[in-house]
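Chemist: The following block contains the structure, expressed as structure tokens.
Every number in this text was worked out from the coordinates using simple rules, so none of it is lab data. Just so we're clear, the structure is a prediction, and the values are computed from it rather than from any experiment. When we count neighbours, we look across all protein chains shown, and the Cβ atoms used for this are built from the backbone with ideal geometry, even at glycine.
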Amino acid sequence: MKKVKTKKDQRAYFWFFSFLALILIFLFGITSPYLGYYWLFGILFGFVLQKSRFCFAAAFRDPIIAGSTSLFRAVLVAMAIMTVFFTLIQYNAVQGGALTIPGRISPVGVHTIAGGFIFGIGMVIAGGCATGTLMRIGEGFFMQVIVLIGFLIGTLWGAWDYPWWERVFISNSPTLHLAQYFGWTGAVIFQLVLIAVLYYIAKKYDDQNNILL
Amino acid sequence: MDCLYEACPIPLLKTMQSLKVLNQGDVLIVETDHSCAIKNIAEWVGKQKLPCEIIEVSNGEWEIYIRKER
Amino acid sequence: MKSKIIIGPWSYLTGAILLAVLNTLLFAALHTPWQITTGITYWAAWIFKFLGGAPENWHYFANNASKSEGLSQSFLSNSLSLMNFGVIFGALLAVLIASQFKVKKIKSPKQIFAALLGGIIMGYGTRIALGCNIGAFFSAIPSLSVSGWVWGISAFIGAWVGSKLLIKYLL
């Protein structure tokens, strides 16, 4: 029979590290208020990711291997919420005279497809995406430290090759923002409808598919 | 079944494989230390309408009991 | 109820809503949404510099004002680097409060190989697609950028290929 293991109470460590994190907020905050914020946000992101076992790799992978889309649908819900608020922030910035729309808006082209594709393969075989890797290092996974080492090598290699990609693809690629086509309100409605349709398809797929390997 | 130190999604895939070869009424015990595994295995098993129970045996280590009823 | 909150796991939906709120607050307060891999690229570049390389002369860093500025900072003075440390630290706190921390060893050489290879192609992918699942997807789609959708579809196809490889070689 299996030997009985004891479960240690680790909450003392929790209080110790929380205290440490708090001190660091102030230390970084003294250097620059922004650093304190970034540190705090990082901690909150990490905490939520771990507590809800939120894994973007699984959101993409589970529909394929297990026929389960619950995580994928959760991502869609997050997208829908953020779409509304992000657009408001962008709209306000543009009304306030900002020359470029704030946010993550990148040129779209062959490099996006190629990069997304190999990232997709990588996150499945490495057992985690970028956030998943960082979060699992915090959980104590040794394997994810190896993934991070690979990640470091990969980013460096990519940065080295970047001029080629930039010359051949990125500089020729248009930067597309949905509001260009549909106006601000139209873009939000378009995107929310798209998300809703995807959600519906995902739900149907989940109900119908019971993948047994 | 021992899935210790295995990364996500391996425990789930192994669970699927083993459940298939088990006889009706058998109980599969999955040992894992992967926090995501307990969630996605439980979800998948629930979808198969099989009873399952999760016990935390040690710090960050779980045993999942699944009875193959049909 | 209380133990459910502390120990978890929380539902995916709870996580999704909280992440959405956090990312919105981050965007509103600091004018830039969440991103991960630019910070990781700095880590790589700093380590490379420490080992004797000169990444500051690379086109990637030298021809971009914000990137060359980022490169001149250090692990603890660069905001993106610090946020990544925060994610690791936050996850550590989340496991400790539930007393679920455990050092997880590696089981087989196959795992090391898969981890290293997966990491490298992910890293390379993030540079050419200008972001990872956060910067090019989770923050890009709500920014109404078409690139986010294209990235999402590509990553989905990649994940499909990856799953096939995983089932074939790693199981």
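Chemist: What spacing in nm lies between the two simple spin-label points modelled at B:V21 and C:F113, each 7 Å away from Cα in the Cβ direction?
Modeler: Result: 2.3 nm between the two label points.
Chemist: Rg to Rh for chain C: what is it, with Cα atoms only and Rh by Kirkwood?
Modeler: Working: Rg = 18.4 Å, Rh = 18.7 Å.
A ratio of 0.98.
Chemist: Quantify how strongly other chains surround peptide C:36-45 by giving the mean number of their Cβ atoms within 10 Å of each of its Cβ atoms. Walk me through the numbers on the way to the answer.
Modeler: Values: counts 8, 8, 1, 5, 9, 8, 1, 5, 11, 4.
Whole-number average of other-chain Cβ neighbours for C:36-45 is 6.
Chemist: OK, next. Would you mind pulling out the separation of the Cα centroids of segment C:112-171 and segment A:22-45, in Å?
Modeler: Here the two parts' Cα centres lie 29 Å apart.
Chemist: Additional query: Output the pairs from B:K49/C:K168; A:K204/C:K164; B:K14/C:K168; A:K51/C:K102; B:K39/C:K102; B:K68/C:K164 with a Cα-Cα distance over 20 Å in this structure; if there are none, say none.
Modeler: Going by Cα-Cα distance, B:K49/C:K168; A:K204/C:K164; B:K68/C:K164 fall outside the 20 Å limit.
Chemist: May I pose another question? Only counting other Cβ atoms within 10 Å, I'd like A:M123, C:M83 sorted with the fewest neighbours first.
Modeler: Numbers: A:M123 32, C:M83 26.
In order of increasing Cβ crowding within 10 Å: C:M83, A:M123.
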